[in-house]
């Protein structure tokens with residue numbers, strides 16, 4: 001019996017549905033026979049087609065579907081990929097016996113297929129033998145907690161990135177309860193990450209597991225990573241492995257780009273908003289031979305309209321243009337693996353007073369022109385990939401970042417050169433014991449010109465590390481590591497770190513971490529957005545390294561409920577500075593002071609609870625709450641008074657609720673996110689002329705999106721900040737930008753209101 005929808009597709013008259021034979025005498029018998037023959041032919045064809053296909057599902061070790069796994073016959077190299085449910089089907093034409101299943105970061109499987117009538121269920125195992133630095137994230141929907149990871153790590157998958165239709169890294173955390181991204185000022189569009197109650201400068205930013213976007217790039221670097229290029233984002237809190245260096249006082253964020261060997265042949269992403277922001281992304285991969293692949297990435301964005309909704313005379317956000325190009329290579333030859341990449345970014349920003357109508361004779365304007373070039377290479381050789389692995393790798397990266405900027409009448413030009421080298425060796429001595437060691441070099445060179453003053457500085461840090469890991473049947477894992485580094489400025493310093501993981505039962509995972517971190521404060525380069533203010537900048541002589549301890553505990557419970565699993569996580573992190581470079585906007589309302597708090601108190605506490613549960617098929621739900629307490633001493637040089645205050649412009653708490661539903665046939669997806677942001681303290685106002693309140697109030701931001709999926713493309717429509725909440729006056733004394741009270745850095749909430757957007761994604765799969 002044919003369903004009505006099938007009948008319609010086959011052009012079968014309605015009278016033939018359910019086997020009804022037409023009784024009208026005016027229909028010739030020969031016509032009936034033709035219809036009957038057509039039905040039989042269609043039926044036989046469908047049966048033969050079904051019989052000529054092998055079907056199955058691909059899962060990981062957590063029984064989650066693996067999306068985009070490559071499945072092909074070894075004899076012919078003809079293949080396919082798994083869909084959103086992990087399902088695949090592959091033709092059985094010709095002589096086929098050995099089925100190959102591959103996915104980067106997982107062990108390749110070769111199956112000898114005997115029975116082609118039964119659906120296969122294939123479980124992939126993670127390839128833990130390769131170096132951590134070469135592990136690549138797999139793609140699956142949502143934000144995934146790495147159950148087996150030693151560190152508490154969240155993986156923001158490409159599916160989660162699509163939920164927010166993010167255009168760049170800075171817009172990728174709208175559905176994440178741990179990471180906050182906010183504007184640093186209301187004139188330049190600079191953004192800053194906040195993690196564990198600390199500024200983004202204390203978060204180590206990595207791309208492909210090497211440090212990137214440091215120094216001058218930290219203010220605008222998140223806009224340089226297009227969302228369409230990312231395969232996934234890894235977020236870990238607290239101190240990380242000593243392999244990646246001595247920084248990461250609050251945590252680390254690692255961005256994984258799409259890989260030439262696994263990405264689609266071609267993909268296109270087009271985005272537009274009601275504010276006339278337009279973006280286009282395109283990428284393509286080429287498999288030159290079995291072991292050599294390359295990929296090209298291109299991004300262009302244009303947001304050059306003038307918007308001043310609060311009518312304060314200043315643009316709500318700057319006009320920007322960006323061109324972003326990248327080329328990546330991957331080479332595999334037996335036990336040797338190599339990756340190469342080059343990249344170029346050009347961006348122009350224009351902010352300040354709105355001169356659309358030409359009513360201001362001498363407008364206050366801000367302009368920034370940036371050119372950035374990058375390269376990287378990763379070389380690895382696996383001596384043994386058996387049960388006891390042994391491998392070595394070399395990572396090299398470099399960048400040149402040039403920013404020519406002008407803050408009204410104050411020019412600020414900076415060029416930063418960075419070179420990073422890391423040599424790593426790792427060996428499993430048994431199933432329980434692992435040792436890794438390595439050497440590193442990091443060089444930063446700054447040429448800064450502020451007004452008529454020059455600030456040139458170079459720092460070279462040579463380091464080595466050793467790290468030991470003990471693993472008792474994955475029930476108890478201990479990792480202890482220590483680094484020894486020598487800075488050309490600060491001399492010799494030691495960085496110890498310890499991580500523990502204990503699973504008393506399958507459903508509960510306990511983690512703990514303790515470690516030390518150091519950081520060199522590049523005051524002007526990292527905070528040049530503060531020039532969008534009339535405050536004087538006062539920098540103490542001979543700033544010392546920042547130094548802090550971080551301790552954290554985490555408990556994750558996986559509770560069976562209703563045939564599904566509740567994931568409940570609770571965590572607490574404490575960061576205590578032994579020596580912090582304070583950004584002091586409290587001791588004087590007309591100055592910004594940078595000095596070492598070598599004998600003062602400074603700490604941050606962050607506690608978070610998170611729950612996720614898929615109530616029914618296709619539906620995911622997450623709720624989280626975070627409380628933050630970050631305190632510091634602030635020292636008034638004139639009066640000698642020291643005050644112990646909470647850090648300004650920081651939300652006391654954050655609540656997050658996300659819900660996502662995908663229809664059974666994966667044609668539609670509906671996403672909704674609510675952010676509930678607590679109030680906080682403002683910088684101390686001028687007592688004689690208070691131009692702002694001492695605190696800001698809580699606020700809520702709601703985002704929503706609808707996506708329609710087709711075979712090789714999808715359409716999405718969404719809205720950010722649905723209820724149009726905006727900070728009323730983010731710029732202090734906007735009417736007098738050259739007065740002593742002017743300040744565009746007092747931002748605590750959204751500077752733009754509701755945004756409606758739409759876009760298209762199109763791809764040509766590899767198979």
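Here are some notes:
- Filter result (under 25 Å from the mean Cα position of the chain (by Cα) and closer than 29 Å to residue 433 by Cα) within the stretch 381-416: 393, 394, 395, 396
- Filter pass, residue 376 being touching a residue at least 60 places away in the same chain (Cβ under 8 Å), more than 29 Å from the chain's Cα centre (by Cα), surrounded by 15 or more Cβ atoms within 10 Å (Cβ to Cβ) and not in a loop (DSSP other than H, G, I, E, B): no
- Against the test of being modelled with pLDDT under 95, farther than 22 Å from residue 184 by Cβ and either surrounded by 17 or more Cβ atoms within 10 Å (Cβ to Cβ) or touching a helix residue (DSSP H, G or I) at 6+ places or on another chain (Cβ under 9 Å) (or both), the options 716, 709 yield a single qualifying residue, 709.
- Among (1) in contact (Cβ under 8 Å) with a residue 12 or more places away in the chain; (2) within 25 Å of residue 177 (Cα to Cα) - the single one residue 616 does not satisfy: (1)
- The stretch 282-304: number of residues that are surrounded by fewer than 22 Cβ atoms within 10 Å (Cβ to Cβ) and in contact with a strand residue (DSSP E or B) (Cβ under 7 Å, 6 or more places away or on another chain): 16
- For first residues located in the stretch 446-463 and in the same structural domain as residue 217 (by TED's automatic domain parsing), partners that are in a strand (DSSP E or B) and surrounded by 14 or more Cβ atoms within 10 Å (Cβ to Cβ) and lie 6+ apart or on another chain with Cβ distances below 8 Å do not occur.
- Meets criteria (within 26 Å of the chain's Cα centre (by Cα) and at pLDDT 95 or above) for residue 595: no
- Count of the stretch 721-732 residues which are free of Cβ contacts under 8 Å to residues at least 60 places away in the same chain and touching a strand residue (DSSP E or B) at 6+ places or on another chain (Cβ under 7 Å): 5
- Taken over the stretch 347-370, the criterion of being under 23 Å from residue 397 (Cα atoms) and either surrounded by fewer than 15 Cβ atoms within 10 Å (Cβ to Cβ) or outside the structural domain of residue 286 (by TED's automatic domain parsing) (or both) is satisfied by no residue.
- Check on residue 642, more than 25 Å from the chain's Cα centre (by Cα), closer than 27 Å to residue 85 by Cβ and surrounded by fewer than 20 Cβ atoms within 10 Å (Cβ to Cβ): no
- Qualifying residue in the stretch 388-402 (condition: within 30 Å of residue 522 (Cα to Cα), crowded, with 18+ Cβ neighbours inside 10 Å, out of contact with any helix residue (DSSP H, G or I) (no Cβ under 7 Å at 6 or more places or on another chain) and assigned by TED's automatic domain parsing to the domain that holds residue 489): yes
- Within the stretch 694-718, the set of residues being over 30 Å from residue 765 (Cβ atoms) and not in a loop (DSSP other than H, G, I, E, B) comprises 695, 696, 699, 700, 701, 702.
- Scan of the stretch 159-177 for residues that are out of contact with any helix residue (DSSP H, G or I) (no Cβ under 9 Å at 6 or more places or on another chain) and either under 19 Å from residue 207 (Cα atoms) or not in a loop (DSSP other than H, G, I, E, B) (or both), ordered by number: 159, 160, 163, 173
- Residue in the stretch 645-668 that is within 30 Å of residue 599 (Cβ to Cβ) and surrounded by fewer than 18 Cβ atoms within 10 Å (Cβ to Cβ) present: yes
- Test result for residue 542, in a strand (DSSP E or B) and either under 26 Å from the mean Cα position of the chain (by Cα) or surrounded by fewer than 16 Cβ atoms within 10 Å (Cβ to Cβ) (or both): no
Let's see how each residue does on (1) without any contact (Cβ under 8 Å) to a residue 60 or more places away in the chain; (2) over 27 Å from residue 236 (Cα atoms):
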site	(1), (2)
608	no, no
612	yes, no
646	yes, no
664	yes, yes
671	no, no
678	yes, no
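- Verdict on residue 578 being farther than 22 Å from residue 655 by Cβ, without any contact (Cβ under 8 Å) to a residue 60 or more places away in the chain, outside the structural domain of residue 151 (by TED's automatic domain parsing) and in a strand (DSSP E or B): yes
- Residue within the stretch 632-653 that is more than 30 Å from residue 524 (Cβ to Cβ) and in the same structural domain as residue 519 (by TED's automatic domain parsing) present: yes
The values are calculated or read from the model by the stated rules, or taken from the named source; none is laboratory data. This one's a predicted model, so the numbers in the text were calculated from it and none came from an experiment. Heads up, the Cβs are rebuilt from the backbone with ideal geometry, glycines too, and the neighbour counts pull from every protein chain shown.
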